[in-house]
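Presented below is the structure to which this report refers.
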Number of protein chains: 2
Amino acid sequence: MIMDNLIEKKEMAASWFQELQNQICAEFETIETEDKGILSDLPAGHFEEKSWTRPGGGGGSMRIMNGRVFEKVGVNTSIVHGEFSEEFRGSIAGAKEDGKFWAAGISVVVHPQNPFVPAAHMNTRFIVTSKSWFGGGGDLTPIRPAEKQAEKFHVDLKATCDKHNSDYYTKYKQWCDEYFYLKHRNEPRGAGGIFFDNLNSNNFDADFAFTKDVGSTFKDSYASIVRATMNTPWNDADREYQEIRRGRYVEFNLLYDRGTLFGLKTGGNIEAILMSLPPRVRWP
Amino acid sequence: MIMDNLIEKKEMAASWFQELQNQICAEFETIETEDKGILSDLPAGHFEEKSWTRPGGGGGSMRIMNGRVFEKVGVNTSIVHGEFSEEFRGSIAGAKEDGKFWAAGISVVVHPQNPFVPAAHMNTRFIVTSKSWFGGGGDLTPIRPAEKQAEKFHVDLKATCDKHNSDYYTKYKQWCDEYFYLKHRNEPRGAGGIFFDNLNSNNFDADFAFTKDVGSTFKDSYASIVRATMNTPWNDADREYQEIRRGRYVEFNLLYDRGTLFGLKTGGNIEAILMSLPPRVRWP
(Lines give C-alpha, C1' and ligand atoms only; values in the text may rest on other atoms or scores of the structure.)
Protein backbone atom coordinates (compact mmCIF):
# COMPACT_ATOMS: atom_id res chain seq x y z
CA MET A 1 0.00 0.00 0.00
CA ILE A 2 1.50 3.31 -1.04
CA MET A 3 -0.30 5.33 1.61
CA ASP A 4 2.31 4.58 4.24
CA ASN A 5 4.51 7.61 4.73
CA LEU A 6 2.95 9.25 1.70
CA ILE A 7 3.10 12.69 3.27
CA GLU A 8 6.76 12.20 4.03
CA LYS A 9 7.45 10.96 0.49
CA LYS A 10 5.74 13.98 -1.02
CA GLU A 11 7.77 16.29 1.20
CA MET A 12 11.02 14.57 0.34
CA ALA A 13 10.33 14.69 -3.38
CA ALA A 14 9.13 18.31 -3.37
CA SER A 15 12.05 19.52 -1.33
CA TRP A 16 14.52 17.72 -3.62
CA PHE A 17 13.08 19.42 -6.71
CA GLN A 18 13.50 22.78 -5.00
CA GLU A 19 17.05 21.92 -3.90
CA LEU A 20 17.91 20.90 -7.49
CA GLN A 21 16.39 24.15 -8.77
CA ASN A 22 18.75 26.06 -6.47
CA GLN A 23 21.75 24.00 -7.57
CA ILE A 24 21.06 24.39 -11.29
CA CYS A 25 20.43 28.13 -11.03
CA ALA A 26 23.66 28.59 -9.04
CA GLU A 27 25.66 26.56 -11.57
CA PHE A 28 24.25 28.44 -14.56
CA GLU A 29 24.90 31.81 -12.93
CA THR A 30 28.50 30.74 -12.29
CA ILE A 31 28.87 29.79 -15.95
CA GLU A 32 27.60 33.25 -16.92
CA THR A 33 30.52 34.83 -15.02
CA GLU A 34 33.05 32.58 -16.80
CA ASP A 35 32.07 33.60 -20.35
CA LYS A 36 34.93 34.59 -22.68
CA GLY A 37 32.86 34.27 -25.89
CA ILE A 38 31.65 36.78 -28.48
CA LEU A 39 29.09 38.33 -26.13
CA SER A 40 31.37 38.61 -23.09
CA ASP A 41 31.13 42.42 -23.21
CA LEU A 42 27.55 42.04 -22.02
CA PRO A 43 26.94 41.75 -18.27
CA ALA A 44 26.65 38.27 -16.77
CA GLY A 45 23.02 37.19 -16.42
CA HIS A 46 21.06 36.56 -13.22
CA PHE A 47 17.91 34.58 -12.61
CA GLU A 48 14.70 36.38 -11.82
CA GLU A 49 12.02 34.55 -9.91
CA LYS A 50 8.29 34.70 -10.41
CA SER A 51 5.98 32.76 -8.16
CA TRP A 52 2.50 31.75 -9.21
CA THR A 53 -0.41 30.06 -7.51
CA ARG A 54 -2.74 27.61 -9.17
CA PRO A 55 -6.45 28.41 -8.80
CA GLY A 56 -7.19 24.70 -8.18
CA GLY A 57 -4.47 24.30 -5.52
CA GLY A 58 -0.72 24.75 -5.15
CA GLY A 59 1.65 26.78 -7.27
CA GLY A 60 5.15 27.15 -8.50
CA SER A 61 8.39 29.04 -8.81
CA MET A 62 9.56 30.13 -12.23
CA ARG A 63 13.16 31.26 -12.52
CA ILE A 64 14.17 32.80 -15.83
CA MET A 65 17.51 34.19 -16.94
CA ASN A 66 18.27 36.07 -20.16
CA GLY A 67 22.05 36.06 -20.10
CA ARG A 68 25.10 36.25 -22.35
CA VAL A 69 25.67 32.48 -22.40
CA PHE A 70 22.09 31.43 -21.69
CA GLU A 71 19.95 33.51 -24.05
CA LYS A 72 16.86 32.14 -22.34
CA VAL A 73 16.81 29.54 -19.61
CA GLY A 74 13.90 28.60 -17.40
CA VAL A 75 14.26 26.52 -14.24
CA ASN A 76 10.78 25.91 -12.88
CA THR A 77 9.44 23.93 -9.96
CA SER A 78 5.82 23.34 -9.10
CA ILE A 79 3.86 21.58 -6.37
CA VAL A 80 0.21 21.32 -7.34
CA HIS A 81 -2.82 19.34 -6.32
CA GLY A 82 -6.50 19.16 -7.14
CA GLU A 83 -8.88 17.11 -9.21
CA PHE A 84 -8.59 16.25 -12.88
CA SER A 85 -11.65 17.11 -14.94
CA GLU A 86 -13.76 14.10 -15.98
CA GLU A 87 -12.30 14.49 -19.47
CA PHE A 88 -8.78 13.61 -18.30
CA ARG A 89 -9.39 11.06 -15.56
CA GLY A 90 -9.40 8.12 -17.95
CA SER A 91 -5.96 8.95 -19.34
CA ILE A 92 -4.13 9.27 -15.99
CA ALA A 93 -3.11 6.18 -14.03
CA GLY A 94 -5.05 5.80 -10.80
CA ALA A 95 -7.22 8.88 -11.40
CA LYS A 96 -10.29 7.18 -12.80
CA GLU A 97 -12.36 7.13 -9.62
CA ASP A 98 -12.14 10.53 -7.98
CA GLY A 99 -9.66 12.34 -10.23
CA LYS A 100 -7.61 13.52 -7.25
CA PHE A 101 -3.94 14.21 -7.86
CA TRP A 102 -0.83 15.69 -6.31
CA ALA A 103 2.24 16.43 -8.40
CA ALA A 104 5.62 18.03 -7.88
CA GLY A 105 8.39 18.47 -10.40
CA ILE A 106 11.19 20.45 -11.90
CA SER A 107 11.45 21.51 -15.52
CA VAL A 108 14.52 23.03 -17.18
CA VAL A 109 14.74 24.37 -20.73
CA VAL A 110 17.91 26.03 -22.04
CA HIS A 111 18.31 28.03 -25.25
CA PRO A 112 21.93 29.24 -25.44
CA GLN A 113 23.11 32.32 -27.38
CA ASN A 114 25.93 30.43 -29.10
CA PRO A 115 24.76 28.09 -31.90
CA PHE A 116 27.62 25.74 -30.99
CA VAL A 117 26.23 25.19 -27.47
CA PRO A 118 23.47 22.55 -27.63
CA ALA A 119 20.01 23.45 -26.34
CA ALA A 120 18.83 21.19 -23.53
CA HIS A 121 15.81 20.06 -21.58
CA MET A 122 15.35 18.19 -18.31
CA ASN A 123 12.28 17.36 -16.30
CA THR A 124 11.65 15.10 -13.32
CA ARG A 125 8.43 14.70 -11.39
CA PHE A 126 6.62 12.72 -8.68
CA ILE A 127 2.92 12.16 -9.23
CA VAL A 128 0.37 10.80 -6.77
CA THR A 129 -3.18 9.72 -7.58
CA SER A 130 -4.50 6.50 -6.08
CA LYS A 131 -1.14 5.32 -7.45
CA SER A 132 2.21 7.08 -7.34
CA TRP A 133 5.18 7.18 -9.68
CA PHE A 134 8.22 9.08 -10.88
CA GLY A 135 8.83 10.29 -14.41
CA GLY A 136 11.23 12.49 -16.28
CA GLY A 137 14.29 12.58 -18.47
CA GLY A 138 16.78 14.82 -20.16
CA ASP A 139 17.68 15.42 -23.78
CA LEU A 140 20.05 17.48 -25.87
CA THR A 141 19.28 19.45 -29.03
CA PRO A 142 22.54 20.40 -30.74
CA ILE A 143 22.21 23.07 -33.42
CA ARG A 144 25.62 22.96 -35.10
CA PRO A 145 27.18 19.47 -35.13
CA ALA A 146 28.19 18.42 -31.60
CA GLU A 147 28.92 14.70 -31.83
CA LYS A 148 31.44 14.81 -28.97
CA GLN A 149 28.99 16.60 -26.70
CA ALA A 150 26.11 14.30 -27.57
CA GLU A 151 28.33 11.31 -26.96
CA LYS A 152 29.44 12.62 -23.56
CA PHE A 153 25.82 13.32 -22.59
CA HIS A 154 24.83 9.74 -23.41
CA VAL A 155 27.87 8.25 -21.69
CA ASP A 156 27.04 10.19 -18.53
CA LEU A 157 23.36 9.22 -18.61
CA LYS A 158 24.23 5.58 -19.25
CA ALA A 159 26.65 5.49 -16.29
CA THR A 160 23.92 6.88 -14.04
CA CYS A 161 21.26 4.49 -15.36
CA ASP A 162 23.60 1.50 -15.01
CA LYS A 163 24.18 2.28 -11.34
CA HIS A 164 20.45 1.72 -10.74
CA ASN A 165 19.30 -0.91 -13.22
CA SER A 166 21.11 -2.41 -16.19
CA ASP A 167 17.92 -2.25 -18.31
CA TYR A 168 17.19 1.46 -17.77
CA TYR A 169 19.52 3.09 -20.28
CA THR A 170 18.52 1.02 -23.31
CA LYS A 171 14.84 1.25 -22.47
CA TYR A 172 14.76 4.95 -21.58
CA LYS A 173 17.02 6.03 -24.46
CA GLN A 174 14.66 4.32 -26.91
CA TRP A 175 11.65 5.91 -25.23
CA CYS A 176 13.32 9.30 -25.62
CA ASP A 177 14.11 8.72 -29.30
CA GLU A 178 10.50 7.75 -29.95
CA TYR A 179 9.05 10.60 -27.93
CA PHE A 180 11.14 13.49 -29.25
CA TYR A 181 10.40 12.81 -32.91
CA LEU A 182 8.80 15.21 -35.39
CA LYS A 183 6.55 12.88 -37.37
CA HIS A 184 5.50 15.53 -39.88
CA ARG A 185 9.14 16.08 -40.85
CA ASN A 186 10.43 12.55 -40.25
CA GLU A 187 13.24 13.88 -38.12
CA PRO A 188 14.34 13.62 -34.47
CA ARG A 189 14.21 16.79 -32.35
CA GLY A 190 17.85 16.44 -31.40
CA ALA A 191 20.47 14.00 -30.15
CA GLY A 192 18.15 12.35 -27.63
CA GLY A 193 18.87 11.38 -24.06
CA ILE A 194 16.55 9.42 -21.77
CA PHE A 195 12.82 9.57 -21.04
CA PHE A 196 10.92 7.58 -18.41
CA ASP A 197 7.43 7.58 -16.96
CA ASN A 198 5.21 5.56 -14.60
CA LEU A 199 8.28 4.43 -12.69
CA ASN A 200 7.18 2.54 -9.61
CA SER A 201 9.27 -0.54 -8.82
CA ASN A 202 7.57 -0.90 -5.39
CA ASN A 203 10.72 0.56 -3.91
CA PHE A 204 10.23 4.29 -3.35
CA ASP A 205 13.76 4.82 -2.09
CA ALA A 206 15.32 3.22 -5.15
CA ASP A 207 13.07 5.07 -7.61
CA PHE A 208 13.61 8.36 -5.82
CA ALA A 209 17.38 7.83 -5.79
CA PHE A 210 17.34 7.19 -9.54
CA THR A 211 15.22 10.28 -10.21
CA LYS A 212 17.56 12.42 -8.11
CA ASP A 213 20.56 10.99 -9.92
CA VAL A 214 19.05 11.82 -13.32
CA GLY A 215 18.67 15.45 -12.26
CA SER A 216 22.17 15.72 -10.84
CA THR A 217 23.72 13.99 -13.84
CA PHE A 218 21.94 16.37 -16.20
CA LYS A 219 23.24 19.36 -14.23
CA ASP A 220 26.86 18.19 -14.20
CA SER A 221 26.99 16.78 -17.71
CA TYR A 222 25.25 19.73 -19.36
CA ALA A 223 27.31 22.31 -17.41
CA SER A 224 30.44 20.59 -18.67
CA ILE A 225 29.10 20.62 -22.27
CA VAL A 226 28.30 24.34 -22.03
CA ARG A 227 31.80 25.13 -20.69
CA ALA A 228 33.37 23.11 -23.53
CA THR A 229 31.47 24.95 -26.29
CA MET A 230 30.53 28.43 -25.05
CA ASN A 231 33.65 30.23 -26.27
CA THR A 232 33.48 28.85 -29.84
CA PRO A 233 33.22 31.79 -32.27
CA TRP A 234 30.12 31.94 -34.44
CA ASN A 235 28.87 34.08 -37.34
CA ASP A 236 25.54 35.34 -38.73
CA ALA A 237 25.03 32.21 -40.80
CA ASP A 238 25.40 30.02 -37.69
CA ARG A 239 22.93 32.23 -35.88
CA GLU A 240 20.39 32.18 -38.73
CA TYR A 241 20.65 28.42 -38.87
CA GLN A 242 20.14 28.25 -35.10
CA GLU A 243 16.97 30.35 -35.28
CA ILE A 244 15.58 28.16 -38.07
CA ARG A 245 16.34 24.97 -36.13
CA ARG A 246 14.63 26.48 -33.11
CA GLY A 247 11.48 26.53 -35.23
CA ARG A 248 11.55 22.73 -35.07
CA TYR A 249 11.64 22.98 -31.29
CA VAL A 250 8.51 25.16 -31.35
CA GLU A 251 6.79 22.78 -33.75
CA PHE A 252 7.52 19.84 -31.47
CA ASN A 253 6.38 21.52 -28.28
CA LEU A 254 3.11 22.88 -29.70
CA LEU A 255 2.21 19.90 -31.89
CA TYR A 256 3.32 16.92 -29.81
CA ASP A 257 4.61 17.61 -26.30
CA ARG A 258 2.22 15.97 -23.87
CA GLY A 259 3.20 18.21 -20.97
CA THR A 260 2.61 21.36 -22.99
CA LEU A 261 -0.72 20.29 -24.44
CA PHE A 262 -1.86 18.88 -21.11
CA GLY A 263 -0.90 22.07 -19.30
CA LEU A 264 -2.67 24.30 -21.80
CA LYS A 265 -5.83 22.20 -21.76
CA THR A 266 -6.01 21.97 -17.98
CA GLY A 267 -5.59 25.67 -17.29
CA GLY A 268 -1.97 25.52 -16.15
CA ASN A 269 0.20 28.62 -15.81
CA ILE A 270 0.65 29.80 -19.44
CA GLU A 271 3.91 31.59 -18.75
CA ALA A 272 5.46 28.57 -17.03
CA ILE A 273 4.25 26.13 -19.70
CA LEU A 274 5.41 28.22 -22.66
CA MET A 275 8.71 29.11 -20.97
CA SER A 276 10.11 26.33 -23.18
CA LEU A 277 9.67 28.34 -26.40
CA PRO A 278 12.92 29.78 -27.78
CA PRO A 279 13.59 33.55 -27.52
CA ARG A 280 14.12 34.19 -31.24
CA VAL A 281 12.95 31.95 -34.03
CA ARG A 282 12.73 32.09 -37.81
CA TRP A 283 10.61 30.40 -40.41
CA PRO A 284 12.11 32.14 -43.47
CA MET B 1 -27.76 15.25 -57.70
CA ILE B 2 -24.43 16.99 -57.60
CA MET B 3 -22.84 14.76 -60.23
CA ASP B 4 -24.29 16.78 -63.10
CA ASN B 5 -21.55 18.90 -64.63
CA LEU B 6 -19.27 18.04 -61.74
CA ILE B 7 -16.22 17.91 -63.97
CA GLU B 8 -17.06 21.34 -65.31
CA LYS B 9 -17.61 22.72 -61.80
CA LYS B 10 -14.27 21.40 -60.62
CA GLU B 11 -12.56 22.97 -63.61
CA MET B 12 -14.27 26.31 -63.08
CA ALA B 13 -13.37 26.40 -59.38
CA ALA B 14 -9.77 25.28 -59.89
CA SER B 15 -9.14 27.75 -62.67
CA TRP B 16 -10.62 30.59 -60.58
CA PHE B 17 -8.28 29.85 -57.69
CA GLN B 18 -5.33 29.98 -60.10
CA GLU B 19 -6.61 33.22 -61.67
CA LEU B 20 -6.97 34.76 -58.19
CA GLN B 21 -3.44 33.59 -57.32
CA ASN B 22 -2.15 35.47 -60.38
CA GLN B 23 -4.14 38.59 -59.49
CA ILE B 24 -3.00 38.68 -55.87
CA CYS B 25 0.66 38.09 -56.73
CA ALA B 26 0.53 40.85 -59.36
CA GLU B 27 -1.09 43.28 -56.91
CA PHE B 28 1.41 42.54 -54.14
CA GLU B 29 4.36 42.91 -56.55
CA THR B 30 2.97 46.29 -57.64
CA ILE B 31 2.73 47.38 -53.99
CA GLU B 32 6.38 46.39 -53.51
CA THR B 33 7.39 48.90 -56.22
CA GLU B 34 5.38 51.68 -54.56
CA ASP B 35 7.12 51.47 -51.16
CA LYS B 36 8.35 54.75 -49.67
CA GLY B 37 8.80 53.39 -46.13
CA ILE B 38 11.82 52.75 -43.91
CA LEU B 39 13.04 49.79 -45.98
CA SER B 40 12.58 51.43 -49.40
CA ASP B 41 16.36 51.30 -50.03
CA LEU B 42 15.98 47.54 -50.38
CA PRO B 43 15.00 46.20 -53.81
CA ALA B 44 11.30 45.53 -54.49
CA GLY B 45 10.42 41.87 -53.88
CA HIS B 46 9.28 39.32 -56.45
CA PHE B 47 7.42 36.05 -56.02
CA GLU B 48 9.22 32.78 -56.55
CA GLU B 49 7.20 29.74 -57.47
CA LYS B 50 7.68 26.19 -56.29
CA SER B 51 5.48 23.44 -57.63
CA TRP B 52 4.90 20.24 -55.73
CA THR B 53 3.11 16.99 -56.44
CA ARG B 54 1.17 14.99 -53.91
CA PRO B 55 2.09 11.30 -53.70
CA GLY B 56 -1.61 10.38 -53.38
CA GLY B 57 -2.68 12.52 -56.38
CA GLY B 58 -2.56 16.11 -57.59
CA GLY B 59 -0.29 18.90 -56.40
CA GLY B 60 0.09 22.60 -55.99
CA SER B 61 1.82 25.84 -56.71
CA MET B 62 3.49 27.72 -53.87
CA ARG B 63 4.43 31.33 -54.52
CA ILE B 64 6.52 33.00 -51.86
CA MET B 65 7.90 36.54 -51.71
CA ASN B 66 10.32 37.97 -49.16
CA GLY B 67 10.08 41.66 -49.94
CA ARG B 68 10.53 45.11 -48.42
CA VAL B 69 6.80 45.59 -47.71
CA PHE B 70 5.84 41.93 -47.49
CA GLU B 71 8.46 40.35 -45.23
CA LYS B 72 6.98 36.94 -46.01
CA VAL B 73 3.91 36.30 -48.07
CA GLY B 74 2.73 32.97 -49.45
CA VAL B 75 0.05 32.65 -52.12
CA ASN B 76 -0.58 28.97 -52.65
CA THR B 77 -3.02 27.02 -54.78
CA SER B 78 -3.56 23.28 -54.78
CA ILE B 79 -5.68 20.78 -56.65
CA VAL B 80 -5.53 17.40 -54.98
CA HIS B 81 -7.48 14.18 -54.97
CA GLY B 82 -7.27 10.77 -53.41
CA GLU B 83 -8.74 8.80 -50.55
CA PHE B 84 -8.90 9.80 -46.90
CA SER B 85 -7.48 7.23 -44.50
CA GLU B 86 -10.09 5.32 -42.49
CA GLU B 87 -9.12 7.47 -39.49
CA PHE B 88 -10.42 10.65 -41.14
CA ARG B 89 -13.43 9.45 -43.11
CA GLY B 90 -15.83 9.89 -40.24
CA SER B 91 -14.97 13.54 -39.75
CA ILE B 92 -15.39 14.66 -43.37
CA ALA B 93 -18.87 15.19 -44.83
CA GLY B 94 -19.72 12.63 -47.48
CA ALA B 95 -16.48 10.70 -47.10
CA LYS B 96 -17.68 7.94 -44.83
CA GLU B 97 -18.24 5.26 -47.45
CA ASP B 98 -15.25 5.21 -49.76
CA GLY B 99 -13.18 8.14 -48.46
CA LYS B 100 -12.72 9.57 -51.96
CA PHE B 101 -12.14 13.30 -52.22
CA TRP B 102 -11.18 16.06 -54.61
CA ALA B 103 -10.23 19.51 -53.35
CA ALA B 104 -8.98 22.76 -54.84
CA GLY B 105 -8.22 25.97 -53.04
CA ILE B 106 -6.15 29.06 -52.57
CA SER B 107 -4.43 30.07 -49.36
CA VAL B 108 -2.81 33.45 -48.66
CA VAL B 109 -0.81 34.41 -45.55
CA VAL B 110 0.86 37.80 -45.25
CA HIS B 111 3.43 38.88 -42.65
CA PRO B 112 4.43 42.49 -43.41
CA GLN B 113 7.74 44.10 -42.42
CA ASN B 114 6.06 47.16 -40.92
CA PRO B 115 4.38 46.54 -37.53
CA PHE B 116 1.73 49.11 -38.49
CA VAL B 117 0.60 47.02 -41.47
CA PRO B 118 -1.79 44.31 -40.26
CA ALA B 119 -0.94 40.67 -41.00
CA ALA B 120 -3.63 38.90 -43.02
CA HIS B 121 -4.93 35.53 -44.08
CA MET B 122 -7.38 34.39 -46.76
CA ASN B 123 -8.38 30.95 -47.92
CA THR B 124 -11.15 29.69 -50.20
CA ARG B 125 -11.70 26.15 -51.34
CA PHE B 126 -14.07 23.79 -53.20
CA ILE B 127 -14.27 20.26 -51.84
CA VAL B 128 -15.94 17.24 -53.41
CA THR B 129 -16.63 13.91 -51.73
CA SER B 130 -20.00 12.24 -52.25
CA LYS B 131 -21.10 15.78 -51.37
CA SER B 132 -19.60 19.07 -52.48
CA TRP B 133 -19.20 22.46 -50.84
CA PHE B 134 -17.29 25.72 -50.66
CA GLY B 135 -15.46 27.05 -47.63
CA GLY B 136 -13.10 29.83 -46.76
CA GLY B 137 -12.78 33.27 -45.27
CA GLY B 138 -10.40 36.10 -44.59
CA ASP B 139 -9.16 37.72 -41.42
CA LEU B 140 -6.89 40.50 -40.27
CA THR B 141 -4.29 40.42 -37.48
CA PRO B 142 -3.22 43.98 -36.65
CA ILE B 143 -0.07 44.25 -34.55
CA ARG B 144 -0.07 47.91 -33.59
CA PRO B 145 -3.57 49.39 -33.15
CA ALA B 146 -5.33 49.65 -36.54
CA GLU B 147 -8.97 50.34 -35.73
CA LYS B 148 -9.58 52.23 -38.98
CA GLN B 149 -8.11 49.41 -41.03
CA ALA B 150 -10.02 46.72 -39.17
CA GLU B 151 -13.22 48.72 -39.60
CA LYS B 152 -12.66 49.14 -43.34
CA PHE B 153 -11.94 45.41 -43.70
CA HIS B 154 -15.22 44.53 -42.00
CA VAL B 155 -17.20 47.14 -43.95
CA ASP B 156 -15.86 45.73 -47.22
CA LEU B 157 -16.58 42.11 -46.23
CA LYS B 158 -20.07 43.03 -45.05
CA ALA B 159 -20.87 44.79 -48.33
CA THR B 160 -19.79 41.69 -50.23
CA CYS B 161 -21.70 39.30 -47.97
CA ASP B 162 -24.85 41.45 -48.18
CA LYS B 163 -24.82 41.29 -51.97
CA HIS B 164 -25.27 37.53 -51.69
CA ASN B 165 -27.28 36.85 -48.55
CA SER B 166 -28.29 39.19 -45.76
CA ASP B 167 -27.52 36.50 -43.14
CA TYR B 168 -23.97 35.76 -44.26
CA TYR B 169 -22.02 38.57 -42.63
CA THR B 170 -23.40 38.16 -39.10
CA LYS B 171 -23.12 34.39 -39.25
CA TYR B 172 -19.67 34.22 -40.84
CA LYS B 173 -18.20 37.03 -38.73
CA GLN B 174 -19.23 35.17 -35.57
CA TRP B 175 -17.83 31.91 -36.92
CA CYS B 176 -14.53 33.71 -37.55
CA ASP B 177 -14.45 35.20 -34.05
CA GLU B 178 -15.06 31.78 -32.53
CA TYR B 179 -12.57 30.02 -34.77
CA PHE B 180 -9.60 32.39 -34.47
CA TYR B 181 -9.52 32.38 -30.69
CA LEU B 182 -6.59 31.36 -28.48
CA LYS B 183 -8.35 29.51 -25.66
CA HIS B 184 -5.20 29.06 -23.59
CA ARG B 185 -4.70 32.82 -23.48
CA ASN B 186 -8.34 33.89 -23.58
CA GLU B 187 -7.62 36.23 -26.45
CA PRO B 188 -8.66 36.57 -30.11
CA ARG B 189 -5.96 36.06 -32.77
CA GLY B 190 -6.70 39.43 -34.31
CA ALA B 191 -9.48 41.72 -35.55
CA GLY B 192 -11.44 38.91 -37.18
CA GLY B 193 -13.15 38.86 -40.55
CA ILE B 194 -15.36 36.08 -41.89
CA PHE B 195 -15.12 32.29 -41.91
CA PHE B 196 -17.48 29.87 -43.66
CA ASP B 197 -17.54 26.14 -44.37
CA ASN B 198 -19.82 23.46 -45.78
CA LEU B 199 -21.49 26.06 -48.00
CA ASN B 200 -23.89 24.32 -50.38
CA SER B 201 -27.17 26.14 -50.90
CA ASN B 202 -28.10 23.79 -53.77
CA ASN B 203 -27.14 26.59 -56.12
CA PHE B 204 -23.56 26.08 -57.30
CA ASP B 205 -23.51 29.28 -59.32
CA ALA B 206 -24.57 31.41 -56.35
CA ASP B 207 -22.15 29.73 -53.93
CA PHE B 208 -19.30 29.96 -56.42
CA ALA B 209 -20.05 33.63 -57.08
CA PHE B 210 -19.95 34.34 -53.34
CA THR B 211 -16.68 32.45 -52.91
CA LYS B 212 -15.12 34.36 -55.82
CA ASP B 213 -16.36 37.65 -54.37
CA VAL B 214 -14.79 36.88 -50.98
CA GLY B 215 -11.42 36.35 -52.66
CA SER B 216 -11.64 39.52 -54.76
CA THR B 217 -12.85 41.60 -51.83
CA PHE B 218 -9.96 40.38 -49.71
CA LYS B 219 -7.48 41.31 -52.45
CA ASP B 220 -8.87 44.83 -52.94
CA SER B 221 -9.56 45.63 -49.30
CA TYR B 222 -6.24 44.34 -47.99
CA ALA B 223 -4.23 45.99 -50.78
CA SER B 224 -5.84 49.27 -49.82
CA ILE B 225 -5.04 48.70 -46.11
CA VAL B 226 -1.41 47.93 -46.94
CA ARG B 227 -1.10 51.10 -49.07
CA ALA B 228 -2.61 53.17 -46.25
CA THR B 229 -0.17 51.92 -43.60
CA MET B 230 3.04 50.81 -45.30
CA ASN B 231 4.86 54.15 -45.09
CA THR B 232 4.21 54.67 -41.38
CA PRO B 233 7.57 54.97 -39.57
CA TRP B 234 8.33 52.37 -36.92
CA ASN B 235 11.07 51.76 -34.33
CA ASP B 236 12.77 48.82 -32.60
CA ALA B 237 10.14 48.67 -29.87
CA ASP B 238 7.36 48.36 -32.50
CA ARG B 239 9.33 45.64 -34.20
CA GLU B 240 9.99 43.73 -30.97
CA TYR B 241 6.30 43.92 -30.11
CA GLN B 242 5.43 42.65 -33.60
CA GLU B 243 7.72 39.63 -33.23
CA ILE B 244 6.20 38.79 -29.85
CA ARG B 245 2.65 39.08 -31.22
CA ARG B 246 3.65 36.82 -34.08
CA GLY B 247 4.30 34.16 -31.44
CA ARG B 248 0.54 34.11 -30.84
CA TYR B 249 0.04 33.47 -34.54
CA VAL B 250 2.37 30.46 -34.31
CA GLU B 251 0.62 29.21 -31.19
CA PHE B 252 -2.75 29.41 -32.92
CA ASN B 253 -1.65 27.67 -36.10
CA LEU B 254 0.16 24.79 -34.38
CA LEU B 255 -2.28 24.29 -31.49
CA TYR B 256 -5.68 24.91 -33.11
CA ASP B 257 -5.75 25.48 -36.86
CA ARG B 258 -7.70 22.61 -38.40
CA GLY B 259 -6.13 23.03 -41.83
CA THR B 260 -2.60 22.93 -40.42
CA LEU B 261 -3.17 19.93 -38.15
CA PHE B 262 -5.13 18.10 -40.85
CA GLY B 263 -2.42 18.75 -43.43
CA LEU B 264 0.36 17.57 -41.13
CA LYS B 265 -1.51 14.42 -40.11
CA THR B 266 -2.47 13.46 -43.67
CA GLY B 267 1.00 13.81 -45.16
CA GLY B 268 0.42 17.13 -46.93
CA ASN B 269 3.26 19.25 -48.32
CA ILE B 270 5.09 20.45 -45.17
CA GLU B 271 6.51 23.54 -46.83
CA ALA B 272 3.13 24.65 -48.16
CA ILE B 273 1.33 23.96 -44.87
CA LEU B 274 3.89 25.73 -42.68
CA MET B 275 4.23 28.64 -45.11
CA SER B 276 1.85 30.39 -42.69
CA LEU B 277 4.46 30.66 -39.93
CA PRO B 278 5.96 34.16 -39.52
CA PRO B 279 9.54 34.82 -40.68
CA ARG B 280 10.88 36.10 -37.34
CA VAL B 281 9.29 35.48 -33.98
CA ARG B 282 10.17 36.03 -30.33
CA TRP B 283 9.16 34.45 -27.06
CA PRO B 284 11.36 36.57 -24.79
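The values are calculated or read from the model by the stated rules, or taken from the named source; none is laboratory data. Note that the structure is a prediction, hence the values are computed from the model and not measured. Note that we place each Cβ from the backbone using ideal geometry, even for glycine, and neighbour counts take in every protein chain shown. All accessible areas refer to the heavy atoms of the entire protein, side chains included, with ligands and DNA or RNA removed. Shrake-Rupley method; radii C 1.70, N 1.55, O 1.52, S 1.80 Å.
Data overview
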quantity: A:THR77 being surrounded by 18 or more Cβ atoms within 10 Å (Cβ to Cβ), closer than 18 Å to A:GLU19 by Cα, out of contact with any Lys or Arg (no Cβ under 6 Å at 6 or more places or on another chain) and more than 14 Å from chain B (Cβ to nearest Cβ); calculated: yes
quantity: Failed item, numbered, when B:THR211 is tested on (1) within 18 Å of the chain's Cα centre (by Cα); (2) within 14 Å of chain A (Cβ to nearest Cβ); (3) open to solvent by less than 30 Å² (accessible area, probe 1.4 Å); (4) polar (S, T, N, Q); calculated: (2)
quantity: Matching entry among A:THR217, A:THR141 (being buried (at least 23 other Cβ atoms within 10 Å of the Cβ) and touching a residue at least 60 places away in the same chain (Cβ under 8 Å)); calculated: A:THR141
quantity: B:HIS154 vs. criteria assigned to a helix (DSSP H, G or I) and within 14 Å of chain A (Cβ to nearest Cβ); calculated: no
quantity: Some residue of the range A:230-244 being touching a Leu at 6+ places or on another chain (Cβ under 7 Å) and charged (D, E, K, R); calculated: no
quantity: All positions within the range B:139-175 that are among the basic types (Lys, Arg) and more than 15 Å from B:ALA209 (Cβ to Cβ); calculated: B:ARG144, B:LYS148, B:LYS152, B:LYS158, B:LYS171, B:LYS173
quantity: Test result for B:TYR222, open to solvent by less than 50 Å² (accessible area, probe 1.4 Å), more than 14 Å from chain A (Cβ to nearest Cβ), farther than 22 Å from B:SER15 by Cα and in contact (Cβ under 8 Å) with a residue 60 or more places away in the chain; calculated: yes
quantity: Within the range B:225-284, considering residues that are hydroxyl-bearing (Ser, Thr, Tyr) and away from chain A (no Cβ under 11 Å), the one least open to solvent (accessible area, probe 1.4 Å); calculated: B:THR229
quantity: Residues (of a type in the set (A, V, I, L, M, F, W, C) and either farther than 25 Å from B:ARG125 by Cα or part of a helix (DSSP H, G or I) (or both)) located in the range B:157-188; calculated: B:LEU157, B:ALA159, B:CYS161, B:TRP175, B:CYS176
quantity: Within the range A:22-67, tally of residues that are acidic (Asp, Glu) and either part of a strand (DSSP E or B) or in contact (Cβ under 8 Å) with a residue 40 or more places away in the chain (or both); calculated: 5
quantity: Failed criterion for A:GLU178 (all others in (1) more than 20 Å from A:SER216 (Cβ to Cβ); (2) more than 15 Å from the chain's Cα centre (by Cα); (3) touching a residue at least 40 places away in the same chain (Cβ under 8 Å) hold); calculated: (3)
quantity: Which listed residue, of A:GLU87, A:GLU8, is modelled with pLDDT under 90 and assigned to a helix (DSSP H, G or I); calculated: A:GLU87
quantity: Matching entry among B:LYS131, B:LYS183, B:LYS173 (being under 25 Å from B:LYS265 (Cα atoms), in contact with a Gly (Cβ under 9 Å, 6 or more places away or on another chain) and open to solvent by 30 Å² or more (accessible area, probe 1.4 Å)); calculated: B:LYS131
quantity: Matching residues, the range B:149-170, being surrounded by fewer than 17 Cβ atoms within 10 Å (Cβ to Cβ) and of a type in the set (Asp, Glu); calculated: B:GLU151, B:ASP162, B:ASP167
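Condition check ((1) touching a helix residue (DSSP H, G or I) at 6+ places or on another chain (Cβ under 8 Å); (2) within 30 Å of A:SER15 (Cβ to Cβ)) across all residues:
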residue	(1), (2)
A:ALA95	yes, yes
A:ALA103	no, yes
A:VAL110	yes, yes
A:PHE126	yes, yes
A:PRO145	no, no
A:GLN174	no, no
